[in-house]
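Engineer: Submitted below is the structure of interest, expressed as structure tokens.
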Amino acid sequence: MSLGTTAAPELRQQTDPTLRVAHAGLAVVLLLLLAFLAAPLGAILKQALEDSSGRFVGLANFIAYAQTPALLDSLANSLWVSALVTLIVIPLAFAFAYSLTRSRMRFKPLFRGITLLPLLAPSLLSAISLIYWFGNQGVLKGPMQALGFDEIYGAPGIVLAECFAVFPHALMILVTALAAADGRLYEAADAMGTRTWRRFFTITLPGAKYGLISAALVTFTLVITDFGIPKVIGGNFNMLATDVFKLVIGQQDFQRGAVVALLLLAPAVFTFAVDRSVAARQTALLTARAVPYRPKPKFWRDGLATAFCLLMAALVLAMMGMAVFASFASFWPYNLAPTLNHYTMGLVDAEVGTAFLNSLTMAAGTAVFGTLLVFSGAYLLEKTQGAGPLRGSVRLLAMLPMAVPGLVLGLGYIFFFNAPGNPLGGLYHTMTLLTVCTIAHFYTTGHLTAVTALKALDAEFEAVSASLKVPFWVTFRRVTLPICTPAMIDIARYFFINAMTTISAVVFLYSPETKVAAIAILNLDEAGEMGAAAACAVMITAASSVAMLAFTALGWWVDRRTQAWRA
């Protein structure tokens with residue numbers, strides 16, 4: 001058996017003609033990543049180094065940016081707002097994750113499910129809800145002024161809305177970090193009579209430090225690159241993401257817009273590099289002898305955990321509930337009788353119905369074609385041999401989208417696909433391009449999911465297939481695909497939900513015929529139709545929720561059909 005295993009790569013490279021097919025498939029994946037990821041990013045860099053007539057000017061555009069006080073203020077605003085949101089969200093998410101994993105409180109699945117609801121909604125929903133709560137005609141406008149806040153528009157609204165939007169992202173990371181605990185350490189601490197606070201600072205916190213770092217980096221990056229919330233509730237408070245939109249769409253200043261886009265790219269790249277460095281230094285928290293940690297009942301701790309989770313869940317439901325309530329209110333705030341006028345007006349008069357169908361079309365295309373591309377590419381990388389340079393290039397480009405904000409990628413698509421003489425220019429303003437851009441934007445997470453599933457399969461399958469001269473696609477169809485189907489469903493669900501709620505990746509690319517529902521919310525907000533905007537956000541959330549349930553049901557059915565061997 002060992003002989004077959006060690007000889008398999010050499011045998012495949014020398015005698016298996018199907019390996020050429022695998023290399024051709026990798027080449028196709030590489031060409032797609034170059035055309036729809038690397039080339040648009042290169043177009044941004046090219047634009048930043050040229051003037052309006054296309055002449056190379058080096059760093060002149062960057063120097064001009066540094067001499068513009070208003071743009072520098074936007075940079076400072078983005079940095080301190082992102083830092084403040086991170087400082088607020090990480091302790092709250094850590095406390096919530098700690099309550100879920102280190103207490104014996106009841107209703108844990110319910111609390112976690114409620115706090116994950118913002119993932120199913122566009123980020124704009126939180127901004128719209130805050131306007132109804134604290135805006136000029138908000139329910140709590142008076143109490144807010146009594147506390148010394150004149151209005152919610154600007155930095156206060158951005159900070160609060162971003163906290164709501166990014167909380168679930170930080171929570172998922174921290175729950176994973178805290179769930180990996182060796183119960184023997186806590187048993188030893190109890191045997192030595194260690195105080196609770198000392199045990200927390202010497203065992204719990206050090207064990208979760210990598211999760212805390214990752215959560216902080218993800219939170220900071222999500223906030224500094226977000227476009228929707230500052231656009232809706234930012235008022236005159238400028239940030240880098242809104243500056244890009246104003247420079248490109250409002251002023252047609254593509255050179256300076258490219259400079260700001262590269263500035264947006266810098267923190268994301270830095271975050272990615274730090275996260276990779278931290279992950280490389282991380283040691284295993286659980287060994288083969290580890291014992292699962294099971295917290296003991298403690299009345300005061302469980303009571304505090306329940307109270308805190310109730311408070312956080314109530315805030316999430318209040319934010320979601322206000323958007324739903326406002327979408328049915330007849331005429332805010334004078335006539336709150338329920339009506340479907342906002343849904344009717346949005347769907348018919350404002351043509352949101354067409355945009356909603358476009359969103360469903362784009363999300364379905366992203367889920368189907370994105371899953372096929374991602375899983376095929378990951379399989380060819382992990383389960384075939386040879387073509388080292390080709391393989392390394394695909395790996396590098398597959399990880400690149402994690403460090404590229406959606407707004408930057410969308411801007412690169414403008415510069416690349418709208419360039420004269422580009423043979424792919426016919427894709428501009430089409431639903432195909434919106435779908436491709438969304439796949440490229442979320443490619444890395446799907447790729448990592450697929451790689452994780454494939455690495456769980458023993459290489460013996462491919463080795464035996466090679467020794468028997470069985471083509472790799474037969475092994476893929478009969479062995480790999482059935483075993484990895486649950487992971488493919490997870491990838492498709494991830495693509496669909498994010499395609500329904502994304503704004504930044506497609507805000508530059510739509511036409512009147514290809515406008516999607518998330519963009520329609522922006523247009524309704526700009527037109528002063530807040531009720532219809534809330535209705536559209538609720539519709540997106542409802543569609544995402546239905547899709548989540550459908551994917552869950554599909555996953556359950558697939559598990560019964562293909563995963564019986566695990567039992």
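Engineer: Which whole-Hz ³J(HN,Hα) couplings does segment 409-421 yield from phi under the Karplus relation 6.51 cos²θ - 1.76 cosθ + 1.60, θ = phi - 60°, glycine and proline marked x?
Structural biologist: For segment 409-421, the Karplus-derived couplings read 4, x, 5, x, 5, 4, 5, 7, 7, 9, 6, x, x Hz, x marking Gly and Pro.
Engineer: Could you give each residue of segment 494-503 its phi-based ³J(HN,Hα) in whole Hz, using Karplus coefficients 6.51, -1.76, 1.60 with θ = phi - 60°, and x for Gly or Pro?
Structural biologist: 3J(HN,Hα) across segment 494-503, in whole Hz: 4, 4, 5, 4, 5, 5, 5, 9, 6, 10.
Engineer: Sticking with this structure for a sec: Once amide H atoms are built 1.01 Å from N in the peptide plane, which residues 5 or more positions from Glu50, or in another chain, come under 5 Å H to H?
Structural biologist: Val57
Engineer: Apply the Karplus curve 6.51 cos²θ - 1.76 cosθ + 1.60, θ = phi - 60°, to the phi angles in segment 102-117 and return the couplings in whole Hz, x for Gly and Pro.
Structural biologist: So the J values, rounded to whole Hz, are 10, 10, 10, 5, 8, 6, 4, x, 5, 4, 5, x, 5, 6, 8, 4.
Engineer: As an exercise, identify the chymotrypsin sites (Phe, Trp or Tyr not before Pro) in segment 310-414 lying in DSSP coil whose Cβ has no more than 14 other Cβ atoms within 10 Å.
Structural biologist: Tyr334
Engineer: Still on this structure: For segment 41-169, give the magnitude of the charge dipole about the Cα centre (Cβ charges: +1 Lys/Arg, -1 Asp/Glu; no others), in debye to the nearest 20.
Structural biologist: The dipole magnitude comes to about 840 debye.
Engineer: Over 22 Å between Cα atoms: which of Lys46/Lys246; Lys209/Lys298; Lys231/Lys515 fall into that group?
Structural biologist: Exceeds cut-off: Lys209/Lys298.
Bear in mind these aren't lab numbers, they're just calculated from the coordinates by the rules spelled out. The structure presented is a predicted model; accordingly, all values stated were derived computationally and were not measured. When we count neighbours, we look across all protein chains shown, and the Cβ atoms used for this are built from the backbone with ideal geometry, even at glycine.
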